[in-house]
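Worksheet: one structure, shown below.
No lab work stands behind these numbers, since they all come straight from the coordinates. Computed from a predicted structure; not experimentally measured. Every residue, glycine among them, receives a Cβ derived from its backbone with ideal geometry; neighbour counts consider all protein chains shown.
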Amino acid sequence: MKTYNIITYGCQMNEHDSENIAGLLEAMDYQFEEDAFKADVVVINTCSVRENADKRFFGVLGQFKKVRTHNPDFVLCVCGCMPQQPHIVEKINKQFSWVDIVFGTQNIAEFPELLEKRISTGRKQRSIIDNNPVIDEAEMKPKRMHRHKALVNITFGCNNFCTYCIVPYTRGREKSRVMSEVIREIECLSADGVKEVMLLGQNVDSYRDPAGHTFADLIRAVNKIDGIERIRFMTSHPKDISDDMIDCFRTCEKLCHNIHLPVQSGSDRLLKRMNRHYDTTRYLEIVDKLRAVCPDITISTDIIVAFPGETEDDFEGTLDIARRVRYDSAFTFIYSPREGTPAAKFPDQIPDEIAHERFDRLVDVMNRISLEKNMEYKGKTYDVLVEGVSKNADDTYAGRTDGFKLVNFTSDKKPEEIIGTTVSVLITESKTFSLEGREIT
Ligand code: SAH
Ligand code: SF4
Ligand code: F3S
């Protein structure tokens, strides 16, 4: 029996691509091998969103150089966002000659063919298409990471070209899947025991299928599917979020009271330079609307610190909007220049020292707010969808509230009877990134 392993970096799109790749390999009778260095086929699914992702990847590639000396059948494959950039493929070809197969984000369906060709001919395979018009998602049989929650692509690619971002270059132009196909997929997932779906797109708010269905239409349709208990989505773009979508928080009882709404910066001048197409006034207006429709909604965000040209004033604007919105959680990043993006060529790059100093200040503010917000949960009871055994302790389970708060809690139940069910948990302790509690029966 031949074995495989997949190493995944990056966002949920990559995670889902890896599920699809695992499905393809299992259909070819490959079996999962826990230890990547013992597997016959290793697929490295890469991310290129920041420089440290690049560095990690090349480090890992190096580690696989010697594997063929003890396993002559070993096949090393690279896919994901990095090989979508010609200079990266060039570097792989020149410096990492032991890579057998390289394929792009839009060539996943071709992978079995590439693998067979590599094995039968011994020749290296490269397949990177820039803008594949075909969306083959419906033919995929993903091997899902979780039994009770599933990732579902609704759009591919991105047309926004935020000036710092590599994604439009690595994922191609935006395409929406046909709504009826998405619905059919989720009906199958539900029949398979899935309770929670995460609708995925770089900008879900610009979803529009050939029949003109909008993201709000899609949510309303998913809301009607029997067996599905929770609907989540990622990522919203403040420039495209509609009142109709916001209203879904009122009308669709399965839509979780949670939104990830990246703000990126609290400076209107920088938002313009980032090509984000909204300003702080518009952003705060959306937050107000969301809270008016759904008072207990939790809000998370992405923030970039030290974007080229960021002044102390601009940065104060970011701290200010963070304090005004009072985010439940935030992903904060130091700006990382990406080759081929406009911002990488901006002359006024910020020195590392200032970037780190601002980053630390921002994280302090965000963490304090997160903890304050989590303190409000203490002593109250919440519905928690149980995902598995907690990472910290064997006798503790982990799950999420409707608002996406991570809860580690104790229960007398056995894993097989509790995982995948929704239980009531009394919150006994609040931390910055999680809550603790015990099941109430
Ligand atoms: N499509 C999503 C985000 C995709 S990338 C959106 O528009 O919000 C995830 C996050 O990575 C971004 O929100 C941004 O905050 C961050 N990011 C992207 N490019 C970056 C760069 N060059 N440097 C630092 N952070 C970056
Ligand atoms: Fe990148 Fe902007 Fe597209 Fe998000 S919307 S993926 S940040 S270009
Ligand atoms: Fe990374 Fe590509 Fe996702 S660059 S964040 S894996 S779209």
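Things worth noting here:
- Prolate/oblate/rounded call for segment 1-67, Cα gyration tensor, a/c under 1.5 rounded: oblate
- Stretching Val293 away from Thr432 to a fully extended chain increases their span by 47.4 nm, per 0.36 nm per residue minus the current alpha-carbon distance.
- In this structure, the amide hydrogen of Val78, modeled 1.01 Å from its nitrogen in the peptide plane, lies closer than 5 angstrom to those of Ile44, Ile101, Val102, Phe103, counting only residues at least 5 positions away or on a different chain.
- Dimensionless Rg ratio for the chain, taking C-alpha atoms and the 2.2 N^0.38 Å reference: 1.01
- Approximating the spin labels as points 7 Å out from Cα along Cα→Cβ, the Arg184-to-Asp35 distance works out to 4.4 nm.
- Whole-angstrom gap from segment 1-58 to segment 278-344, using each part's C-alpha centre: 32
- By definition, a body whose alpha carbon gyration tensor gives a ≥ b ≥ c is rounded when a/c is under 1.5, and segment 3-127 falls into this rounded group.
- Around the Cα centre of the chain, unit charges on the Cβ atoms of Lys, Arg, Asp and Glu (plus for the first two, minus for the last two) sum to a dipole of about 680 debye.
- Nonlocal amide H pairs with Thr298, under 5 Å, H built at 1.01 Å: Asn258, Ile259
- When segment 146-256 is reduced to its Cα atoms, the Kirkwood hydrodynamic radius in Å: 14.3
- Packing-based order for 239-247, 300-308, using average beta carbon neighbours within 10 Å, highest first: 300-308, 239-247
- Here r is the Cβ-Cβ distance between Arg326 and Ser242 and R0 is 25 Å; the resulting FRET efficiency, rounded to 0.05, is 0.55.
- In this structure, the pairs whose alpha-carbon distance is over 24 Å, taken from Lys2/Lys94; Lys94/Lys117; Lys55/Lys175; Lys55/Lys391; Lys149/Lys224; Lys65/Lys141, are Lys2/Lys94; Lys55/Lys175; Lys55/Lys391; Lys65/Lys141.
- For segment 262-375, the spread of Cα positions along each principal axis, largest first, Å: 43, 28, 24
- Two-site label geometry, Ala393 and Gln95: point separation in nm, points 7 Å out along Cα→Cβ: 4.6
- For segment 282-323: span of alpha carbons on each principal axis (Å, largest first): 37, 15, 15
- For a straight C-alpha distance cut-off of 21 angstrom, the lysines reachable from Lys373 (same-chain residues fewer than eight places away being disregarded) are Lys289, Lys405, Lys431.
- For segment 139-177 and segment 349-386, distance of Cα centres in Å: 27
- Cα convex hull of segment 344-441, projected area averaged across orientations, nm²: 8.8
- Basic side chains Lys and Arg get +1 at the Cβ, acidic Asp and Glu get -1 at the Cβ, and with that the dipole of segment 381-439 about its Cα centre reaches some 200 debye.
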